[in-house]
Amino acid sequence: MDPDAVKSTLSNLAFGNVMAAAARNYQKEVLANEKAQRSKPVNEEVDLDELMDDPELERLHADRIAALKREVEKREAFKRQGHGEYREVSEGDFLGEVTRSEKVICHFYHKEFYRCKIMDKHLKTLAPRHVDTKFIKVDAENAPFFVTKLAIKTLPCVVLFSKGVAMDRLVGFQDLGTKDDFTTNKLENVLVKKGMLSKKKKEEDDEDAEYQESIRRSVRSSENLDFDSD
């Protein structure tokens with residue numbers, strides 16, 4: 001056999017083996033990458049499942065749901081006491097209204113007075129923003145007993161009650177710049193300073209209705225889950 005031919009054949013075989021080995025290594029690398037990609041979501045799902053089964057997370061979730069329920073129950077209790085809206089009450093109901101709630105803002109008004117209508121507009125806007133305070137109004141002409149007892153001489157007069165006791169009052173627009181064009185925020189800030197309202201951030205005001213609805217949805221969802229688990 002020709003020695004050169006043998007060398008050439010062996011050389012070709014060696015080259016072929018190298019190429020075959022390289023091809024096998026490449027194929028193994030591709031398969032390993034594909035396997036890693038396929039297993040990644042599975043691992044993520046497993047981690048998520050483990051997280052969802054975490055007792056600490058379940059406790060935090062339960063505490064949050066309980067807090068939401070308490071918030072809704074508190075607001076519903078206030079609403080049963082007449083909070084959350086600006087209402088007119090009679091002289092006969094006045095005493096019960098101001099003694100059943102911790103904080104009450106009462107506007108003594110005259111239906112023909114322009115400034116009383118301005119005050120009405122602002123108080124009506126504030127009532128649903130501050131559910132922990134009751135907002136009411138009384139026709140001064142139809143409540144002579146309490147007008148006398150509270151020494152109300154100028155209208156509009158907004159009397160501020162704390163635990164049934166008249167603690168302060170706004171007479172006319174004296175605390176509001178004396179002009180008719182004061183803003184609702186101006187009145188709100190005055191009532192906050194007098195301790196009748198809790199200070200709210202602007203974004204809380206803008207999102208209050210949406211936030212309360214989200215609370216109700218969360219509580220309803222929780223109640224449904226509790227019912228299903230039974």
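Descriptive notes on the structure:
- Boolean, residue 81 is under 27 Å from the mean Cα position of the chain (by Cα) and either more than 22 Å from residue 198 (Cα to Cα) or among the polar types (S, T, N, Q) (or both): yes
- Residue in region 89-97 that is open to solvent by 80 Å² or more (accessible area, probe 1.4 Å) and either assigned to a strand (DSSP E or B) or modelled with pLDDT of 80 or more (or both) present: yes
The values are calculated or read from the model by the stated rules, or taken from the named source; none is laboratory data. Remember, it's a predicted structure, so these values are computed and weren't measured experimentally. In case anyone asks, the SASA skips ligands and DNA or RNA and just uses the protein heavy atoms, side chains included. Shrake-Rupley method; radii C 1.70, N 1.55, O 1.52, S 1.80 Å.
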